[in-house]
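Engineer: For reference, the structure I am asking about is given below.
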2 protein chains.
Amino acid sequence: MDKIKVLVVDDHPMVLEGMQAMLSQIDFVQITGLARNAYLAMEDIKTAIPDIVITDINMPEISGVELTAKIKKEYPSVKVIAMSTFNERSLISQMVQQGASGYLLKSASREQIEEAISTVSRNKLYMSLDLELSNKEQDEMSKLPVLTSREKEVLSLIAEGFTNSQIAEKLFVSPYTVDSHRKNLLTKFDVNNTAGLIKLAAKYGLV
Amino acid sequence: MDKIKVLVVDDHPMVLEGMQAMLSQIDFVQITGLARNAYLAMEDIKTAIPDIVITDINMPEISGVELTAKIKKEYPSVKVIAMSTFNERSLISQMVQQGASGYLLKSASREQIEEAISTVSRNKLYMSLDLELSNKEQDEMSKLPVLTSREKEVLSLIAEGFTNSQIAEKLFVSPYTVDSHRKNLLTKFDVNNTAGLIKLAAKYGLV
DNA sequence: GAAAAAATCCCCTGAAAAGGGGATTGAGAA
DNA sequence: TTCTCAATCCCCTTTTCAGGGGATTTTTTC
């Protein structure tokens, strides 16, 4: 049985070293490369096509989301496992949309990493979402409202500091419309002013 | 010449492994332990007193700040190097106040870690603050206004979603006063509404 | 002990947001 | 095909915020 070829992408040398150390303890895994950015990752993939790419989501220049899109476009058979710290869960759906097969917390243990790799290599999805979440966090997550695309648009503009009428101009709609969206956002987030709105939105990476 | 004894504290196994891998490449360093939380770190220190403790700031239960306070209280001669990801710079001053001797980004290279350890062991402060910052970030950082303690207090309450009068009640002052602070904050941050305020404050970890 | 900085308080105006109410249109789901 | 939902638009009232203008007191710093 062939070993599973894994490429790790992360801008933190520490994490790369850590992953190398942990992956080398897994007997069915073979490391094909360690890349500290998306460019180098694509180079590495070209020379030695891995089975799985484990990539950080938050990276300067080209993010993990974009890298995943690139990989899936050029090498659809390569599986991608996204890695992030706990406060970026909002990016998971983005990653999955781009074709990621797994989601790993940076606080993952060797066992979890092992499980993630073997699960993903069997064409299944691995999500380590709830593993380290407190009840409070779970509650907060479940309360996360579903926003329409227009609402997201308006929210990000609010967060940019624009007023209703400025946003209305940008979106070519009436200020009344923007105000409606704003009110819906307040209701959905269950807050009663802009401050609460931005705070929550920022917390869940929506802005 | 004796080796410098180092203990690493981080709740992420990946980082611990990474640090171990990187530190073992430094010939003048001897790892006395790897702890995944503050409790275990204190145990480790008891059995083998290290010269330097490298600790993550963001940890569940007991934070790096609290751990540093504990260490400096019980073992004043032990040096502490704080470690964090880039968006927590606001904690640096807290760490320094608690007696930390260094600050290391998690994106640090082996060279930087080496430098941090040797600098700190020579009783100097090591701050890796500006190392990996882009010009844009540097500019933004340098523009960061100095807030008074009252202003910080008011800002965090604004971010919590309270109105001026609610804040006034909490602080036992007149709403006029709170309004003054709010206006000063707007001026200092050079923004013109609450949204811009919170966004900036959040960006620099002030809330 | 004087000067500077921080914290407090007050007033006014106009703009913006919050909190209600409602209505219409179009697209997609049941 | 109805029914729901998203998106659009409108009006009203009250509250809060933003942008000015000041002033006083306390605390810190030199």
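No value in this document is a laboratory result; all are computed from the given coordinates. None of the values given here were measured: they were computed from a predicted structure. In this analysis, Cβ positions are derived from the backbone assuming ideal geometry, glycine residues included, and neighbour counts consider all displayed protein chains.
Engineer: For each of A:PHE162, B:PHE172, B:PHE28, count neighbouring Cβ atoms within 10 Å of the residue's Cβ, then give the residues from fewest to most. Don't jump to the answer; show the numbers that get you there.
Structural biologist: Working: A:PHE162 19, B:PHE172 7, B:PHE28 12.
So the ranking, lowest neighbour count to highest, is B:PHE172, B:PHE28, A:PHE162.
Engineer: Next up: Can you check how the C-alpha radius of gyration of the range A:4-133 compares to 2.2 N^0.38 Å, as a plain ratio? Intermediate results must be reported in sequence, preceding the final value.
Structural biologist: Numbers: Rg = 12.8 Å, N = 130, 2.2 N^0.38 = 14.0 Å.
For the range A:4-133, the normalised Cα radius of gyration is 0.92.
Engineer: Can you list, shortest first and in nm, the gaps between the label point of A:LYS183 and those of its counterparts in the other copies, using a point 7 Å from Cα in the C-beta direction?
Structural biologist: Result for A:LYS183, in nm, nearest copy first: 3.1.
Engineer: Convert each backbone phi in the range B:22-27 into a coupling constant with the Karplus relation 6.51 cos²θ - 1.76 cosθ + 1.60 (shift: θ = phi - 60°), then list the ³J(HN,Hα) values in order as whole Hz, x for Gly and Pro.
Structural biologist: Calculated HN-Hα couplings, in order: 6, 5, 5, 8, 9, 6 Hz.
Engineer: Could I ask something else about it? How shielded is A:160-169 by partner chains, expressed as the average number of their Cβ atoms within 10 Å of its Cβ atoms? Please report the intermediate quantities before stating the final value.
Structural biologist: Details: counts 3, 10, 3, 3, 0, 0, 0, 0, 0, 0.
What the average comes to for A:160-169 is 2.
Engineer: Could you work out the local net charge near B:SER77, counting Lys and Arg as +1, Asp and Glu as -1, over the other residues with Cβ closer than 13 Å to its Cβ? Before the final figure, lay out each step's value.
Structural biologist: On the way: positive: B:LYS5, B:LYS72, B:LYS73, B:LYS79; negative: B:ASP51, B:GLU74.
Cβ neighbours under 13 Å give a net charge of +2.
Engineer: If you don't mind, another one. Beyond a 29 Å Cα-Cα separation, which of these cross-linked pairs lie in this structure: A:LYS73/A:LYS106; A:LYS124/A:LYS199; A:LYS106/A:LYS183; A:LYS199/B:LYS183; B:LYS46/B:LYS106? Present the calculation step by step, with values, prior to reporting the outcome.
Structural biologist: On the way: A:LYS73/A:LYS106 26 Å; A:LYS124/A:LYS199 35 Å; A:LYS106/A:LYS183 36 Å; A:LYS199/B:LYS183 20 Å; B:LYS46/B:LYS106 26 Å.
Over 29 Å apart, Cα to Cα: A:LYS124/A:LYS199; A:LYS106/A:LYS183.
Engineer: Here's a follow-up. Residues with amide H under 5 Å of A:VAL29's amide H, sequence separation 5 or more or different chain, H placed in the peptide plane at 1.01 Å from N; which?
Structural biologist: A:ILE4
Engineer: Another question, if that's okay. For the residues B:VAL120, B:VAL146, A:VAL78, what sequence is obtained by ranking on other C-beta atoms within 10 Å, fewest first? Show your work: numbers first, answer last.
Structural biologist: Numbers: B:VAL120 22, B:VAL146 6, A:VAL78 19.
Ascending number of Cβ neighbours within 10 Å: B:VAL146, A:VAL78, B:VAL120.
Engineer: Moving on. For the rotation bringing B onto A, which B residue has its Cβ nearest the axis, and at how many Å?
Structural biologist: In chain B, the Cβ lying nearest the symmetry axis toward A is B:GLY18, 2.
Engineer: So what is log10(I(q)/I(0)) for the range A:144-203 at q = 0.12, 0.19 1/Å, when the Debye sum runs over its Cα atoms only?
Structural biologist: -0.23, -0.59
Engineer: Follow-up question, since we're still on this one. For A:ILE62, go 7 angstrom from Cα along the Cα-to-Cβ vector, then report the distances to that same point in the other copies in nm, smallest first.
Structural biologist: From this label point to the equivalent ones elsewhere in the assembly: 4.4 nm.
Engineer: Once the label point is set 7 Å along the Cα-to-beta-carbon vector, what list of distances in nm do you get between A:TYR75 and its counterparts in the other copies?
Structural biologist: Between copies, matching label points for A:TYR75 lie 4.5 nm apart.
Engineer: Per residue of B:2-10, how many C-beta atoms from partner chains lie within 10 Å of its own C-beta, taken as a mean? Before the final figure, lay out each step's value.
Structural biologist: Working: counts 0, 0, 0, 0, 0, 0, 0, 0, 3.
The mean count of partner-chain Cβ atoms within 10 Å per residue comes to 0.
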